[in-house]
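The values are calculated or read from the model by the stated rules, or taken from the named source; none is laboratory data. Since this is a predicted model, take the numbers as computed values, not measurements. So basically every Cβ, Gly included, is an ideal-geometry build from the backbone, and we count neighbours across all protein chains shown. Accessible surface areas use protein heavy atoms only, side chains included; no ligands, DNA or RNA. Shrake-Rupley method; radii C 1.70, N 1.55, O 1.52, S 1.80 Å.
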Amino acid sequence: MGDIIDLTLLTDVRRYFQKLLEARGLPYFLQKESKRLFQIEPARVELVLRTALRMRDPALPKPPPQAIEHCRQEIRRELIRRVANAMLQTGL
């Protein structure tokens with residue numbers, strides 16, 4: 001059986017993520033006091049998801065858990081890609 005993806009939710013999540021990234025920068029999404037150099041702050045990812053869900057048209061049905069998890073993974077993948085790119089640019 002295939003995964004269920006709510007394209008409206010995914011579009012909204014990407015838009016809110018991009019706005020927050022432009023406003024706050026990549027470090028906003030990383031843990032400050034982490035043992036590992038670049039560790040994603042799960043609370044920031046959840047903030048993007050909650051915002052997208054809260055701003056969603058109430059007439060739309062509630063997205064299935066699989067769709068929400070897919071959006072969470074998409075944000076994390078994009079953050080990992082950006083962190084890796086930043087590490088390459090700084091020579092780490």
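Quick notes
- Taking amide hydrogens as placed 1.01 Å from N in the peptide plane, the amide H of residue 30 sits under 5 Å from those of 41, each at least 5 positions away in sequence or on another chain.
- Residue 66 versus residue 87: modelled label distance in nm, points set 7 Å from Cα along the beta carbon direction: 3.2
- The stretch 9-92: relative contact order as a whole-number percent, Cα under 8 Å and 6+ apart: 38
- Taking Cα centre as origin and charging only the Cβ of basic (Lys, Arg, +1) and acidic (Asp, Glu, -1) residues, the dipole magnitude of the chain rounds to 280 debye.
- For the stretch 55-72, the Karplus equation 6.51 cos²θ - 1.76 cosθ + 1.60, evaluated at θ = phi - 60°, returns couplings of 7, 5, 4, x, 6, 6, x, 5, x, x, x, 5, 5, 5, 5, 4, 5, 4 Hz by residue, with Gly and Pro reported as x.
- The apolar share of the surface of the chain, taken as the fraction of accessible area on carbon and sulfur atoms (1.4 Å probe, ligands and nucleic acids excluded), comes to 56 percent.
- Estimated from helical segments only, the mean residue ellipticity of the chain at 222 nm is -21000 deg cm²/dmol, where each DSSP H run of four or more residues counts as -39500 (n - 2.57).
- Sequentially through the stretch 12-27, phi angles give Karplus couplings (6.51, -1.76, 1.60; θ = phi - 60°) of 5, 4, 4, 5, 5, 4, 4, 4, 5, 5, 5, 6, 10, x, 4, x Hz, Gly and Pro residues having no value and appearing as x.
- For the stretch 7-90, taking the reciprocal of the average inverse distance between every pair of different Cα atoms yields a Kirkwood hydrodynamic radius of 13.5 Å.
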